[in-house]
1. Which sequence of 114, 88 reflects their accessible areas, 1.4 Å probe, from the largest down?
2. Provide the solvent-accessible area of residue 126, counting protein heavy atoms only and rolling a 1.4 Å probe, rounded to the nearest 10 Å².
3. Check cross-link reach from residue 15 to the lysines: straight Cα distance under 25 Å, and skip same-chain residues fewer than eight apart.
4. How much length, in nm to one decimal, is gained on full extension between residue 129 and residue 62, taken as 0.36 nm per residue of separation minus their Cα-Cα distance?
5. Not counting ligands, DNA or RNA, and with a 1.4 Å probe, what is residue 82's accessible surface area in Å² rounded to the nearest 10?
6. With every protein chain in place, what's the accessible area of residue 110 (1.4 Å probe, Å², nearest 10)?
Amino acid sequence: QSVGSKTGLVTNYFKNFSPNFLFVRGDSNPRSQMPEVSQLYYLDALFLIFGIIYILKSKDKKLYWILGLLFIAPIPSAITKENPHALRSILMSPMLSVISAMGIYYFVELFKNRKKQMIACYVSIVSILGFSFRLVQTAKVALGGIALQTENYGLGVILPSLAIFFVI
């Protein structure tokens with residue numbers, strides 16, 4: 001079902017960028033959302049802000065395409081009544097990830113000293129891992145003690161790449 005008015009369309013569009021949808025509650029549809037988990041971590045808000053600042057301060061105008069794609073991505077979700085919807089706005093995910101990664105880069109580059117840059121990297125990585133462990137614990141509680149079969153999969157992929165980073 002589609003939205004009937006222009007104001008409804010605009011309201012639905014901006015619901016996809018609301019902090020409540022992105023960082024607090026997430027999608028209300030249980031089929032496309034793990035209970036009690038939002039679309040992004042709270043920490044991502046900080047890196048998204050840094051990433052947007054990095055793009056706006058950059059002299060490379062190609063980076064504005066990333067923001068343009070981010071602003072186009074929620075249109076499929078905005079034209080329906082069930083809004084915000086995680087699956088219909090999934091096209092936002094790659095852009096949010098890229099902007100967040102640019103934010104991490106910009107955050108680290110704020111520190112001129114190489115030693116301070118490494119400390120900022122370690123703090124960022126430890127914070128992200130801490131939020132990841134919290135996600136697993138939340139999933140265990142939300143699913144009523146059902147064992148997560150793929151619980152260690154993410155760590156099995158992340159830890160070897162982090163080991164390479166720490167060696168460098």
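1. Putting 114, 88 in descending order of accessible area: 114, 88.
2. About 100 Å², rounded to the nearest 10.
3. Those lysines meeting the cut-off are 6, 81.
4. Contour length minus the Cα-Cα distance gives 21.0 nm.
5. For residue 82, the solvent-accessible surface is approximately 80 Å².
6. It works out to around 80 Å².
The values are calculated or read from the model by the stated rules, or taken from the named source; none is laboratory data. This one's a predicted model, so the numbers in the text were calculated from it and none came from an experiment. Areas reflect the complete protein model, heavy atoms only, side chains present, ligands, DNA and RNA absent. Shrake-Rupley method; radii C 1.70, N 1.55, O 1.52, S 1.80 Å.
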